[in-house]
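Read through the structure below, which is laid out as structure tokens, and then see the notes.
The values are calculated or read from the model by the stated rules, or taken from the named source; none is laboratory data. Everything quoted here is computed from the prediction, not taken from an experiment. Here the Cβ positions follow ideal geometry from the backbone for every residue, glycine too, while neighbour counts run over all protein chains shown.
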Amino acid sequence: MATAERGGFAMVVLLQAIGAVAGLAPLLAVVELGRTLLLPDPVDHRHVWTVVAVGALGLVVQLLFTAASSGIGHLLDARVQLSLRRQLAASLGRVPIGWLAGRRTGELAKVVGDDVSAVHPFIAHTPGALVSALVVPLVSLGYLFTIDWRLTLITLIPVLLAMLLVPLLMLPSRLREEREFDAAMGRVADSVVEFVQGIAVVKAFGGGERAHRRFRTATNDFVDALGRKVRGLSGVAAGMQLALSPPFVILVVLLGGTALVTTGGLAPADVLPFLLLGLGLTAPVSALVNHSFEDVQAARRAVGRIREVLAVPPLPEPAQPAAPAGHRVELREVRFGYHSDHEVLCGINLVLAPGTVTALVGPSGSGKSTLVQLLPRFFDPTGGSVRLGGVDLREIRSQDLYRRVSFVFQETSLLRESVAENIALAVPHADADEVVRAAQVGAFGAAVAGYAALRYSSDLSGFRVGTTLLRGMYHRIGDHLARLPIGWYTAGRVGEVSVLASQGVLQTMGLIAHLLAPFIFASVTPLTIVVVMLAVNWQLGVAALVAVPLVAAAQVWTGRAVAANDADRAARDHQAAGRVIEYLQAQPVLRTGGRAAERFRLLDDSLAHVASASRRMTLSVLPGAVGLTLAVQAGFTGLLVLGAYLALGGNVGAAELLAILVLAARCADPLLSLADLGGQLRNARSELARLDRLLRTEPLPEPREPVQPRGHDLEFESVTFRRGGRRVLNDLCLSVPAGQRLAIVGPSGAGKTTLLQLVARFHDVDAGAVRIGGVDVRSINTETLMAQIGFVFQEVYLFDGTIEENVRLGRPEASVAEVRQAASAAGLDEVIVRLPSGWETSVGEGGARLSGGERQRVAIARALLKDAPVVLLDEVTSALDSVNEAAVHEGIERLMTSRTVVMVTHRLRTVQRADRVAFVVDGRIVAEDSHEELLRRDNGYREFWRPAMTPVLR
């Protein structure tokens, strides 16, 4: 923490301490007023009004200092969170790529997002609660000791009993439950990212009405972990609530006071301070134990995870960097392994002369990509050295190295910006002409009890209802996400859904489980007390009622002020969550472009916007919170003044006045808690509204009377389709007889992949119709439609599980023999033999632990296992080497046998195996015939294939 933050933190503590001490003044004023009025001596009017004035002044001081402390604490919190997120972003931009590859994106995004947010209560709320819990008891006990040390010790009994229960919260079993809860929440974050990014696979392989299995499993595990955690704490919490509850405190003080009074050791009037200050003694301790303790534990665990990330050492930078003398690349006896027990590269010697082109070829998984990734120093070799211009890469500064290495990745990762900004990543200061020239040089591709028993049973019942709702909400979200059209899943949806599935759903559950009962208690208790006041003395009761509209007005004012900023804060949170995920997944691109070290401007801007939105939210809430406190304290001051006036005039007895003032003091805490509870309720209501908007998003409609397809032929009838305001397909007509193979070719952006997505009904057409077996796909229910289609995507997405789990996605009920047969037909069996764990090999997030060819074979095996009569192939061999391409082609050939096939391809070899070819340009079919016939008669088609058919010059 920087000096400025430490100074701010000290200021928060000092202001809160002064405010807490000043807050005791009204209670001491009531005590002194009671003792003065109950004494048989004549009442000193001046002394009474002095006591009243001191009590009122204490309320004013408390208001000013606690408001200042709260405001500074929240502003400090926004600053600390921004600083932590920037540090994490900078650290994640320097850690080895290999470390990142071994972590899930959702797990790391949760550290940057949720874990940093978990620090908020520790900074903004816990210091005040801790200071109050220490200062108020110490000052109160000091005062009470001057009256009677014996009753003071008796008054301490409730606090001591509560403190004796605290170690039970730190038992190893409790800590284990906390770790399991945190881990389960991390798995939910991972599964959300995986669900959204793999939604095309979920849909194509029977996702339909049911959520992706891992998402459901993760959310079920999370709810179960939450249940174990809460059930483990509920007994201890109930005991602590009983020990610190007002009925128990009053009982202890009355029993002890009665014993001392009957023995003549204490005057009856002297019991009054112990009753009043005893309640004031336990209130801050209760607040600390019930709320801040859990916040501190959550923050402590979050800080541990943050420190773990910040402690990951980056690849070491040289103490004395050297400059390469040229661009000659040498690999000398290079050895490397991702794991200590298995080497991928074994004694590699290779020289790459400047100006030459070297092709690395070999079977899938032989280490080609690994070797290339050593050149930009994504990893350091475990043996030997990699040299550039005669200098070991470990002796060159990272930024100098990245300026000398350009990298085109097998899996392109694009940022959510313009094409120009993505190109300019390579040279951040490039002008417009340089960007245009770069775009022209390369073909640019894209994809990116009594009381205690009632409280205990109320809390437990609320929790049970809340967890039931939580589980149901998660399942409903998963089901709904699986039904939404692919077009809904824009680049920012990962962040939005990730935030909703973590913070949003939890806050919604918390509304039922934790907030409703305290909110009702905080509302009903003051009203009940006012009724009692009216029964004791109608004048003071009416005076107390004056505070009710003031409190209500403050709540309404705060709600309106918050509403104006809530939507902006939520949007900033969603945007930042998306940027974090994007930043983590784009690390290789950012590093080779020299951008990760400068914290990636777009992410940094998003984090700054979140901090600004937090500051605006704090400033909008503060006036309402101050207004509420002012209304409550003004009401109490009014009662104190009016009560003193009536007592001095003989219109109210001393006992009646003291009873009413004690009740009024008891009324203040629940009223003041309304500010915090109201804020939490507003947050939960806002998240409910966002969840409602998500669940109200219309999925593609299901037919009321589904029709079964009468065959497997395909037909596009005058199809028009728009995406983002741009017309992608324009009045397109096309037919594919059952059993035929149609190749779709054309320039990038012509609408080829969109055609396949319309067949699978990832979108609905804007005009025209797409038919299977003579039936409009909109008239076929989703489950039936998906059973007709096998899909192999250009960008294969594998779920984080074993190879077998990913293959079985094609048909989960398939036998082991059927799975093995599909794998053999796809050429996957020879890959599995080479893997140490065979079928149980974990593929990693998105399939990151397999090569491109290995992933494609898993996808083909998945489609073969599904055994659908219609097969859609989208550029399945576009990024494969010749060895993998040959193996994949064999699998594709088996997949296409006796099926209706539509394949998007730029491979001449694939096109030549098609029965017909459709040449698509700008969303229209400009030519359709056999490949040979189109070459003969269509100039545009012939020109399209000329580069592929031109012999390579030697």
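The rows are residues; the columns are (1) of a type in the set (Gly, Ala, Ser); (2) on the phi < 0 side of the Ramachandran plot; (3) buried (at least 18 other Cβ atoms within 10 Å of the Cβ).
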{"residue": "Arg778", "(1), (2), (3)": "no, yes, no"}
{"residue": "Met786", "(1), (2), (3)": "no, yes, yes"}
{"residue": "Val792", "(1), (2), (3)": "no, yes, yes"}
{"residue": "Asp800", "(1), (2), (3)": "no, yes, yes"}
{"residue": "Ile803", "(1), (2), (3)": "no, yes, yes"}
{"residue": "Pro812", "(1), (2), (3)": "no, yes, no"}
{"residue": "Ser815", "(1), (2), (3)": "yes, yes, no"}
{"residue": "Gln821", "(1), (2), (3)": "no, yes, no"}
{"residue": "Ala826", "(1), (2), (3)": "yes, yes, yes"}
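Modelled with pLDDT under 75, assigned to a helix (DSSP H, G or I), among the acidic types (Asp, Glu) and touching a helix residue (DSSP H, G or I) at 6+ places or on another chain (Cβ under 8 Å), is that true of Asp573? Give the derivation first.
Working: modelled with pLDDT under 75: no; assigned to a helix (DSSP H, G or I): yes; among the acidic types (Asp, Glu): yes; touching a helix residue (DSSP H, G or I) at 6+ places or on another chain (Cβ under 8 Å): yes.
So Asp573 fails the test.
So, Val80, is that one farther than 30 Å from Val344 by Cβ and in contact with a Pro (Cβ under 6 Å, 6 or more places away or on another chain) or not? Reasoning before the result, please.
Numbers: farther than 30 Å from Val344 by Cβ: yes; in contact with a Pro (Cβ under 6 Å, 6 or more places away or on another chain): no.
So Val80 fails the test.
Across the range 783-817, what is the number of residues that are farther than 15 Å from Asp867 by Cα and within 30 Å of the chain's Cα centre (by Cα)?
Of the residues in that region, 14 qualify.
Do we find that Val807 is in a helix (DSSP H, G or I), modelled with pLDDT of 85 or more, surrounded by 22 or more Cβ atoms within 10 Å (Cβ to Cβ) and not assigned by TED's automatic domain parsing to the domain that holds Ile97 in this structure?
yes
Return the residues of the range 914-950 that are farther than 12 Å from Ile744 by Cα, surrounded by 14 or more Cβ atoms within 10 Å (Cβ to Cβ) and among the charged types (D, E, K, R); say none if nothing qualifies.
Hits for the range 914-950 are Asp922, Glu933, Asp938.
Is at least one residue of the range 838-850 of a type in the set (Gly, Ala, Ser) and either in a helix (DSSP H, G or I) or modelled with pLDDT of 85 or more (or both)? Spell out the reasoning first.
Step one: list which residues in the range 838-850 are of a type in the set (Gly, Ala, Ser), which gives 838, 842, 844, 846-848.
Next, only the ones that are either in a helix (DSSP H, G or I) or modelled with pLDDT of 85 or more (or both) stay: 838.
Yes, the conditions are met somewhere in the range 838-850.
Limited to the range 755-776, what total is found for residues that are touching a helix residue (DSSP H, G or I) at 6+ places or on another chain (Cβ under 7 Å) and either surrounded by fewer than 18 Cβ atoms within 10 Å (Cβ to Cβ) or aromatic (Phe, Trp, Tyr) (or both)?
Number of matching residues: 2.
Criterion first (at pLDDT below 75 and closer than 24 Å to Val816 by Cα) does Glu885 satisfy it?
Working: at pLDDT below 75: yes; closer than 24 Å to Val816 by Cα: no.
No; evaluated as a whole, the condition is false for this residue.
Hey, could you check the range 890-940 for residues that are part of a helix (DSSP H, G or I) and within 41 Å of the chain's Cα centre (by Cα) and say which is nearest to Leu864 (Cα to Cα)?
Residues of the range 890-940 part of a helix (DSSP H, G or I): 890-896, 908-911, 931-937, 939-940.
Then keep just the ones that are within 41 Å of the chain's Cα centre (by Cα); that gives 891-892, 895.
Values: Gly891: 9, Ile892: 9, Leu895: 6 Å.
Here the answer is Leu895.
Mind telling me which of the residues Thr370, Thr412, Thr382 ends up being surrounded by 15 or more Cβ atoms within 10 Å (Cβ to Cβ) and at pLDDT 75 or above?
Numbers: Thr412 fails: at pLDDT 75 or above; Thr382 fails: surrounded by 15 or more Cβ atoms within 10 Å (Cβ to Cβ).
Every option except Thr370 fails the conditions.
Exactly one of these conditions fails for Ala426: (1) modelled with pLDDT of 70 or more; (2) touching a helix residue (DSSP H, G or I) at 6+ places or on another chain (Cβ under 9 Å). Give me its number.
Every condition holds for Ala426 apart from (1).
Hey, Asp392 hits all of (1) modelled with pLDDT under 75; (2) under 16 Å from Asn349 (Cα atoms) but one; which does it fall short on?
(1)
Residues in the range 65-86: is at least one charged (D, E, K, R) and either surrounded by fewer than 21 Cβ atoms within 10 Å (Cβ to Cβ) or at pLDDT below 80 (or both)?
There is at least one residue in the range 65-86 that is charged (D, E, K, R) and either surrounded by fewer than 21 Cβ atoms within 10 Å (Cβ to Cβ) or at pLDDT below 80 (or both).
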